[in-house]
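Peer 1: Please see the structure below; I have some questions.
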Ligand code: 5GP
Ligand code: MN
Ligand code: MN
């Protein structure tokens, strides 16, 4: 059971010398908050603990404590322990995937139902609202005092993945954890402004441009928008600036599924899907080798935008 898995993981962490905590591709608040919280905690008891960067950290999260500790791997020592957080499968490790072969022990801590259990120790709990909840439990069980920095990172992780405590995955336990983080003295007003009230003008322009591409399908049950490289150039924005657009279109009353198609390259379309009440978007994305959660999932389609759009709509036609 999960309790004994925590105990085994803690034993292994204590006896490992060089520990690498690794971020996932296109890191989000849950991933970044979780890796920073765990790094700060382990750093209190171990000297050689490192955080590996996989992709760039979106500017939203640069306010977090110790964010500069997230660094590229430089091949200077052995990897006694590799810890993946919020990472459903090996491919989500991007360029750092190959390091799995060098690691003596792999710990995989996650809350995706689609997790492939790629670690030696797999702490996977799809009932957790965020990986940040699991990291909170791990730090508690290690008896490491929860300081304000750790608490701020865990708050960021949980708030990000629950849509500020709005989504179904938010439990009584989630609120109990958050209550404790507030008692520790986090500046939640400042964290919330950084996370949610800090949009650049470029991001705002991209928001406007992308909403112009809005199309509704299947009796307004599906809302779809597109972001192309051309649109990014015109708004002087980055792909990370699309964050939040897909959940925004899900807010439209009749919409059950919101979809954004992001053109990373001409033949590389990253799809993000969000649902509201009953559609399992993780299952839909699984048919394109993607995955995620029931209400938030994604996949990548290696075709041009118009073909990707057609493939996605054909798949949705089966459920609407
Ligand atoms: P987002 O749409 O914000 O990129 O991701 C939403 C959720 O779906 C996240 O939990 C993320 O882990 C998952 N997800 C997104 N893209 C992929 C993908 O290509 N493969 C898998 N397995 N999961 C994905
Ligand atoms: Mn994530
Ligand atoms: Mn997560």
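The values are calculated or read from the model by the stated rules, or taken from the named source; none is laboratory data. Note that the structure is a prediction, hence the values are computed from the model and not measured. With ideal geometry, Cβ positions are generated from the backbone for all residues, glycine too; neighbour counts draw on all protein chains shown.
Peer 1: Please tell me if residue 45 is away from ligand 1 (no atom under 16 Å from the Cβ), assigned to a loop (DSSP other than H, G, I, E, B), surrounded by fewer than 23 Cβ atoms within 10 Å (Cβ to Cβ) and over 18 Å from the mean Cα position of the chain (by Cα).
Peer 2: yes
Peer 1: Also, I was wondering about something else. Count, please, the residues in the range 264-298 that happen to be away from ligand 2 (no atom under 16 Å from the Cβ) and either outside any strand (DSSP E or B) or closer than 13 Å to residue 226 by Cβ (or both).
Peer 2: 15
Peer 1: Of all residues in the range 242-263, how many are assigned to a loop (DSSP other than H, G, I, E, B) and within 16 Å of residue 204 (Cα to Cα)?
Peer 2: Counting residues in the range 242-263 that are assigned to a loop (DSSP other than H, G, I, E, B) and within 16 Å of residue 204 (Cα to Cα) gives 2.
Peer 1: Let me ask something additional. State yes or no: is residue 106 buried (at least 16 other Cβ atoms within 10 Å of the Cβ) and part of a helix (DSSP H, G or I)?
Peer 2: For residue 106, the condition - buried (at least 16 other Cβ atoms within 10 Å of the Cβ) and part of a helix (DSSP H, G or I) - is not met.
Peer 1: Has the range 308-319 got any residue that is near ligand 1 (Cβ under 10 Å from one of its atoms) and either at pLDDT below 95 or not in a helix (DSSP H, G or I) (or both)?
Peer 2: no
Peer 1: Give the residues of the range 148-169 that are more than 16 Å from ligand 2 (Cβ to nearest atom), out of contact with any helix residue (DSSP H, G or I) (no Cβ under 7 Å at 6 or more places or on another chain) and touching a residue at least 40 places away in the same chain (Cβ under 8 Å), sorted by residue number.
Peer 2: Matches in the range 148-169: 168 only.
Peer 1: Find the residue count for the range 162-175, including only residues that are outside any loop (DSSP other than H, G, I, E, B) and closer than 19 Å to residue 187 by Cα.
Peer 2: Going through the range 162-175 one residue at a time, the tally reaches 2.
Peer 1: Separate question: Quick one: which of 87, 131 is farther than 20 Å from residue 178 by Cα, at pLDDT 95 or above and within 13 Å of ligand 2 (Cβ to nearest atom)?
Peer 2: Being farther than 20 Å from residue 178 by Cα, at pLDDT 95 or above and within 13 Å of ligand 2 (Cβ to nearest atom) holds for just one of 87, 131, which is 87.
Peer 1: Go through the range 243-274 and give me each residue that's buried (at least 18 other Cβ atoms within 10 Å of the Cβ), under 23 Å from residue 168 (Cα atoms) and more than 16 Å from ligand 3 (Cβ to nearest atom).
Peer 2: Residues satisfying the conditions are 245, 249, 250, 255, 256, 257, 258, 259, 260, 271.
Peer 1: If you scan the range 91-111, which residues turn out to be within 15 Å of ligand 2 (Cβ to nearest atom) and touching a helix residue (DSSP H, G or I) at 6+ places or on another chain (Cβ under 8 Å)?
Peer 2: Passing the criteria: 91, 93, 109, 110, 111.
Peer 1: Quick check, is residue 67 surrounded by fewer than 21 Cβ atoms within 10 Å (Cβ to Cβ) and within 14 Å of ligand 2 (Cβ to nearest atom)?
Peer 2: So residue 67 does not fit the description; no.
Peer 1: Right, another one. Inspect the range 94-102 for any residue being under 13 Å from the mean Cα position of the chain (by Cα), surrounded by 21 or more Cβ atoms within 10 Å (Cβ to Cβ) and within 16 Å of ligand 1 (Cβ to nearest atom) and give the result as yes or no.
Peer 2: no
Peer 1: If you check every pair at least six apart or on different chains, which have Cβ atoms under 9 Å apart with a residue in the range 30-46 that is under 15 Å from residue 143 (Cβ atoms) first and a residue that is at pLDDT below 95 and within 16 Å of ligand 3 (Cβ to nearest atom) second?
Peer 2: So the pair list comes out empty.
Each row is one residue, and each column tells you yes or no for (1) outside any helix (DSSP H, G or I); (2) more than 24 Å from the chain's Cα centre (by Cα).
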site: 195; (1), (2): no, no
site: 199; (1), (2): yes, no
site: 203; (1), (2): no, no
site: 208; (1), (2): no, yes
site: 220; (1), (2): yes, yes
site: 224; (1), (2): yes, no
site: 230; (1), (2): no, yes
site: 234; (1), (2): no, yes
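Peer 1: Kindly indicate whether residue 114 is outside any strand (DSSP E or B), within 23 Å of residue 160 (Cα to Cα) and modelled with pLDDT under 95.
Peer 2: So residue 114 passes the test.
Peer 1: Same structure, new question: For residue 38, are the conditions met, namely being surrounded by 17 or more Cβ atoms within 10 Å (Cβ to Cβ), within 16 Å of ligand 1 (Cβ to nearest atom) and within 22 Å of residue 117 (Cα to Cα)?
Peer 2: no
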